[in-house]
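The values are calculated or read from the model by the stated rules, or taken from the named source; none is laboratory data. Computed from a predicted structure; not experimentally measured. Methodologically, a virtual Cβ is constructed for each residue, glycine included, from the backbone with ideal geometry; neighbour enumeration extends over all protein chains shown. Just the protein is used for accessible areas: all its heavy atoms, side chains included, with ligands, DNA and RNA removed. Shrake-Rupley method; radii C 1.70, N 1.55, O 1.52, S 1.80 Å.
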Amino acid sequence: MLDQQKKQRILIVTSVAVERDAVIAGIGEDERFTFLIGGVGPAVAAASTARALTEARYDLVVCAGICGGFVGRADVGSLVVASEIVCADLGAETPDGFHSVDELGFGSARVPVPDELAEQVEQAMLQAGLPIYRGQILTLSTVTGTAQTAQALAERMPGALAEAMEGYGVAIAAQASGVPVLEIRTVSNAIGPRDKSAWRIKDALEALQKGSAVLREVL
């Protein structure tokens, strides 16, 4: 838990307004929180977050929103808290398969999250009766849309539970400013063939609201 002896400032970054509204509805009136619509994709999310962090001091950055979940790992309607934030498509294709920038020696596609805080969030959600998983959340500039791609990604990233488009951008901006970061998502659809009729965005936003109410108590 964050140090309660001093007043904390927490920046919550979502990609779009409906996610922000769900988070605000859950958290309610609490002056510790600032809400930012960071935009869709890692580049604009990073730029938006970096700008916010130059304009004010924050003790924690939280990337929040909805996501796709890997079948058998994170059920539709559940919450996911990141154990690590990973940019899954930052690297190079080679004859031997995909190599991340870590393997290439050009930096890192991974941003750690505070283990203790992530565990506290997970336990609080479980105590509130909410379905939650903890594991890697992937960031991709192009979300997965076929069964073949989903299978390949799941095999390459066995610790991943979900994918979205902004977490790594938010995390890199936070890391550059020396601010810890969390990523919390709710699953709206299974990762795989793009079938809008199967998406449960309303349910995911409702879960995001419920999870945000619990998050307020943890932070």
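Six or more apart or on different chains, Cβ atoms under 6 Å: show the pairs whose first residue is in the stretch 58-86 and in contact (Cβ under 8 Å) with a residue 12 or more places away in the chain and whose second is crowded, with 24+ Cβ neighbours inside 10 Å and of a type in the set (Phe, Trp, Tyr).
Going by the 6 Å Cβ cut-off, the qualifying pairs are 85/168.
Tell me the residue from 82, 74, 64 that is crowded, with 24+ Cβ neighbours inside 10 Å, in a loop (DSSP other than H, G, I, E, B) and of a type in the set (Gly, Ala, Ser), please.
None of the others qualify; the one that does is 74.
Within the stretch 32-45, count every residue that is out of contact with any strand residue (DSSP E or B) (no Cβ under 8 Å at 6 or more places or on another chain) and either in a strand (DSSP E or B) or among the β-branched types (Val, Ile, Thr) (or both).
Final tally of qualifying residues: 2.
With respect to residue 54, determine if the residue is farther than 30 Å from residue 157 by Cα, open to solvent by less than 60 Å² (accessible area, probe 1.4 Å) and out of contact with any Gly (no Cβ under 9 Å at 6 or more places or on another chain).
For residue 54, the condition - farther than 30 Å from residue 157 by Cα, open to solvent by less than 60 Å² (accessible area, probe 1.4 Å) and out of contact with any Gly (no Cβ under 9 Å at 6 or more places or on another chain) - is not met.
Which numbered condition trips up residue 48, out of (1) surrounded by fewer than 16 Cβ atoms within 10 Å (Cβ to Cβ); (2) part of a helix (DSSP H, G or I); (3) of a type in the set (S, T, N, Q)?
Evaluating residue 48 over (1) surrounded by fewer than 16 Cβ atoms within 10 Å (Cβ to Cβ); (2) part of a helix (DSSP H, G or I); (3) of a type in the set (S, T, N, Q) leaves (1) as the failure.
Can you pull out every residue in the stretch 155-173 that is open to solvent by 20 Å² or more (accessible area, probe 1.4 Å) and touching a Leu at 6+ places or on another chain (Cβ under 7 Å)?
Selection gives 165 alone.
Please specify each residue of the stretch 182-203 satisfying the condition of being open to solvent by less than 10 Å² (accessible area, probe 1.4 Å) and more than 19 Å from residue 26 (Cβ to Cβ).
If the condition is that a residue be open to solvent by less than 10 Å² (accessible area, probe 1.4 Å) and more than 19 Å from residue 26 (Cβ to Cβ), then 192 is the only one that fits.
From the list 120, 136, 127, pick out the single residue that is farther than 25 Å from residue 50 by Cα, of a type in the set (S, T, N, Q), modelled with pLDDT of 95 or more and open to solvent by less than 60 Å² (accessible area, probe 1.4 Å).
Values: 136 fails: farther than 25 Å from residue 50 by Cα; 127 fails: open to solvent by less than 60 Å² (accessible area, probe 1.4 Å).
On inspection, the qualifying residue turns out to be 120.
Any residue that is open to solvent by less than 60 Å² (accessible area, probe 1.4 Å), more than 18 Å from residue 185 (Cα to Cα) and in contact (Cβ under 8 Å) with a residue 40 or more places away in the chain - is there at least one of those in the stretch 17-29?
The answer is yes; a qualifying residue exists.
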